[in-house]
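See structure below.
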Amino acid sequence: MSKSDDRALRRQDDQEAQRLLSGVARNLDRTAFAELFDAFAPKVKSVMMRKGATHELAEDLVQETMIAVWTKAGLYDPTRGAVSTWIFTIARNLWIDRHRRDGVMPLTVLDDYDPPSGEAGSDEVVWRKQEAQLIAQYLDEIPPEQKEPLILSFVEGMAQGEIARRLNLPLGTVKSRVRLAYGRLRKKLEVLQ
């Protein structure tokens, strides 16, 4: 399958998911929700288990994710990304919240443990790609004078003093531009939760 065929198929899948989610948001359509559940629950469970969740925890996270999809369907905004990105973001945030609340990472018994291949599963690859696309889109919305120091700081790992010298700007200006850009980006990403 060519890349353009793959993109067209993903676009069709997302359009169908948007149609189903819209039915849930407008009419609390149980049939549409059941279809969404059948389509996404196994994928969410698979991603959670690859992240180290036990079978039981992964099941709990699937249930919590899909309850959030049911109750927050009206909050989905198709201009901000695909339905799958929105659902996987909910799942990831629930995973993070669970670890913060429990305060302990799950214990992994290493007997008969096969280390991961290092390759991400297809759902995770799609998830990461969609998140990267959203972040790139959000970065494009940040003014260039704020975006450049942000990228130098977070992507290239430069210290703010180095950025000030490189851009020939006062250190205070660099600090406030990075802070403003990061604040804008953070607000955009919080909407996905």
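The values are calculated or read from the model by the stated rules, or taken from the named source; none is laboratory data. Note that the structure is predicted; figures quoted are calculated from it, not measured. Counting neighbours? That spans all protein chains shown, and the Cβs are built from the backbone with ideal geometry, glycine included.
Some points to look at:
- Residues being surrounded by 21 or more Cβ atoms within 10 Å (Cβ to Cβ), modelled with pLDDT of 90 or more and not small (Gly, Ala, Ser) - total across the range 47-75: 4
- Residues satisfying the stated conditions in the range 120-159, i.e. out of contact with any helix residue (DSSP H, G or I) (no Cβ under 9 Å at 6 or more places or on another chain), among the hydrophobic types (A, V, I, L, M, F, W, C) and not in a loop (DSSP other than H, G, I, E, B): Val125, Ala132, Ala136
- Neighbours by Cβ (under 9 Å, 6+ apart or cross-chain): first from the range 24-47, closer than 12 Å to Gln63 by Cα; second of a type in the set (Ser, Thr, Tyr): Phe40/Thr65; Phe40/Ser84; Ala41/Thr65; Val44/Thr65
- Filtered residues of the range 76-118 (kept if of a type in the set (Lys, Arg) and either surrounded by 10 or more Cβ atoms within 10 Å (Cβ to Cβ) or at pLDDT 85 or above (or both)): Arg80, Arg92, Arg98
- Checking each residue in the range 81-96 for being under 18 Å from Arg7 (Cα atoms) and polar (S, T, N, Q) picks out Ser84, Thr85.
- Selection status of Leu9, surrounded by fewer than 20 Cβ atoms within 10 Å (Cβ to Cβ), on the phi > 0 side of the Ramachandran plot and either of a type outside the set (Gly, Ala, Ser) or within 16 Å of the chain's Cα centre (by Cα) (or both): no
- When the residues of the range 137-193 are filtered to those that are among the β-branched types (Val, Ile, Thr) and either in contact with a Cys (Cβ under 8 Å, 6 or more places away or on another chain) or free of Cβ contacts under 8 Å to residues at least 12 places away in the same chain (or both), the one that is nearest to Trp86 (Cα to Cα) is Val155.
- Members of the range 58-70 found to be free of Cβ contacts under 8 Å to residues at least 24 places away in the same chain and under 22 Å from Lys188 (Cβ atoms), listed by number: none
- The residues on offer are Ala53, Ala39, Ala32, and the sole one that is assigned to a helix (DSSP H, G or I), closer than 29 Å to His99 by Cα, in the same structural domain as Ala82 (by TED's automatic domain parsing) and among the small types (Gly, Ala, Ser) is Ala39.
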